[in-house]
Amino acid sequence: MSMRIVGGAARGRLLRTAAGNALRPTGARTREALFDILGDRISGARFLDLFAGSGAIGIEALSRGAAAVTFVDNHTTAWRYISDNLARAELGGGRLLKMDFRAAIEALSRKREQYDYVFIDPPYDSDLAALTLRHMRFYPILAPDGAVIVETSRLRQFTHTPRPFHITAQRRYGDTLLIFLQQMAIMPPVASEPQPGGDLS
């Protein structure tokens, strides 16, 4: 099964993916809509593609000018297709991590890496998107002004968004839903003013 890169320097290049729903690549319409929304902000950005599958989203980001993309998937099939597709696209800046999303988030955090965009696209019939957000609370891999983008089914909207994330926008494309989130600024507690005659030490 094949698909094409939608835009950017490698526009029109063919990518491969497994037949059926094994990797379930993001459709061309959704990819084009996503990067139309991101616009010029993708240029020079650091992009993390979790549950990367065929690598189509991260490769699209590289094609459109992202400085670096880290692809994370722990399935051998996905690893093979991402490697092949990066070679087909002839784009630099891609790095593959064959590991569980939790291990990857922790490893990237230990290296003090931060990303402008974190794309989360787990199997639609799972709760992994919410689990990933909850895990990210403890590991600062999202840049202060960065955004998380979750791809899921329109039937699996979040019933509760883990703090400190909040939804800024949602876009539906057929049965696919893109959810955009950012981190709320956590303000330090305000010290109360000392009362007259109080201890100022």
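For residue 78, indicate whether it is farther than 25 Å from residue 164 by Cβ, surrounded by 20 or more Cβ atoms within 10 Å (Cβ to Cβ) and in contact with a Pro (Cβ under 9 Å, 6 or more places away or on another chain). So residue 78 fails the test. Going by what's in this entry, would residue 116 be described as at pLDDT 95 or above and closer than 21 Å to residue 132 by Cα? When the stated conditions are applied, residue 116 passes them. Within segment 40-50, one or more residues are over 17 Å from residue 149 (Cβ atoms) and either without any contact (Cβ under 8 Å) to a residue 60 or more places away in the chain or in contact with a Pro (Cβ under 7 Å, 6 or more places away or on another chain) (or both). Checked against (1) more than 20 Å from the chain's Cα centre (by Cα); (2) at pLDDT below 90, residue 9 passes all but condition (2).
Residue by residue, here is whether (1) out of contact with any Ser or Thr (no Cβ under 8 Å at 6 or more places or on another chain); (2) of a type outside the set (D, E, K, R) holds:
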| position | (1), (2) |
| --- | --- |
| 35 | yes, yes |
| 41 | yes, no |
| 47 | no, yes |
| 50 | no, yes |
| 53 | no, yes |
| 57 | no, yes |
| 60 | yes, no |
| 64 | no, no |
| 69 | yes, yes |
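Can you tell me which residue is modelled with the lowest pLDDT among those in segment 51-105 that are among the hydroxyl-bearing types (Ser, Thr, Tyr) and farther than 16 Å from residue 15 by Cα? First the steps, then the outcome.
Kept after step one, since they are among the hydroxyl-bearing types (Ser, Thr, Tyr), are these residues of segment 51-105: 54, 63, 70, 76-77, 81, 83.
Restricting the remaining residues to those that are farther than 16 Å from residue 15 by Cα gives 70, 76.
Working: 70: 98, 76: 91.
Selected residue: 76.
The values are calculated or read from the model by the stated rules, or taken from the named source; none is laboratory data. None of the values given here were measured: they were computed from a predicted structure. When we count neighbours, we look across all protein chains shown, and the Cβ atoms used for this are built from the backbone with ideal geometry, even at glycine.
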